[in-house]
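S.K.: Just dropping this structure here.
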Amino acid sequence: MKRTLILPVIIALATLTGCPSAGIYRSAKTLEKGESDFGMSFSYVNIKTKYTGDDPDLQGAESYGISLPNLIPELNYHIGVGNNMEVGGRIALGSLMMELDFKYRFYTDGKLHMAVQPAVGYRTAVIVKGTHFTMPLLMTYELSDMVSLNAFVYSSYIKWEPTDGTPDPDSDDNAWFVEGVTLGGGFGVKITGENFYIMPAIDFSRLVVSTNGDRSDWVTDFVIFGVSFGWIGGKEMKKLKEMDHKLDRIENKIDRM
């Protein structure tokens with residue numbers, strides 16, 4: 001594969017994949033059983049690719065950067081399924097990506113919450129298609145009933161290939177057969193009302209790729225400024241059930257009198 005093709009391939013792939021999304025990392029808290037969360041996220045992404053190898057012709061090469069607003073919302077839906085557990089998924093319309101995830105909160109002391117949220121996804125972005133697996137570690141600290149601080153770190157494995165065609169040892173098109181690992185982290189603030197929340201967040205990550213088993217000497221850094229909006233459902237039904245239960249208890253007491 002020609003070195004001259006590596007840089008545009010990485011930039012194109014990084015742009016098409018939409019990079020990591022802050023939308024999914026909204027909180028380490030989990031929904032109560034029967035509660036649901038529907039949300040959408042918008043973001044502004046800065047992508048910068050630079051050469052880190054030892055080729056004298058490329059050392060000192062100028063970094064390539066691009067900034068992209070993502071005005072097409074990313075949609076997500078989650079539902080509480082049990083104690084400290086929820087399941088759901090998201091759809092990134094801009095990069096034609098679908099993902100399923102499972103969150104498990106393994107620690108809480110009332111204010112501090114910690115959880116893992118493994119996810120697996122698939123996307124097809126016109127010229128490339130592929131799968132990815134992500135493992136984030138989430139932490140939330142509640143400052144009050146309405147405001148909480150969220151932080152996260154994560155690692156993702158990605159594998160892409162052209163939507164049409166197979167590897168050809170003599171073709172530069174092999175640059176599109178890519179495997180990569182992303183490491184990242186970030187933080188955000190979540191402001192919650194009765195049934196609505198808003199969460200601005202910032203995400204930093206680095207993508208390192210290999211083509212046909214050969215590690216590329218180019219790395220791609222992402223900075224994502226995102227804001228997520230969400231609506232919590234199921235609380236009204238829970239309150240009605242609690243009210244019915246209280247009324248039943250009152251009726252039983254009256255009957256015993």
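S.K.: Tally the residues that are part of a strand (DSSP E or B) and surrounded by 15 or more Cβ atoms within 10 Å (Cβ to Cβ), restricting the search to the range 78-103.
M.R.: Of the residues in the range 78-103, 17 are part of a strand (DSSP E or B) and surrounded by 15 or more Cβ atoms within 10 Å (Cβ to Cβ).
S.K.: Still on this structure, I have one more. What about LEU5, is it farther than 25 Å from ASN150 by Cβ, surrounded by 15 or more Cβ atoms within 10 Å (Cβ to Cβ) and either in contact with an Asp or Glu (Cβ under 9 Å, 6 or more places away or on another chain) or modelled with pLDDT of 90 or more (or both)?
M.R.: Taking the combined requirement at face value, the residue satisfies it.
S.K.: Go through the range 41-54 and report how many residues are of a type outside the set (Lys, Arg), part of a strand (DSSP E or B) and surrounded by fewer than 16 Cβ atoms within 10 Å (Cβ to Cβ).
M.R.: Here the count works out to 2.
The values are calculated or read from the model by the stated rules, or taken from the named source; none is laboratory data. This one's a predicted model, so the numbers in the text were calculated from it and none came from an experiment. Neighbour counts are summed over all protein chains in view; Cβ atoms, including those assigned to glycine, are modelled from backbone coordinates with ideal geometry.
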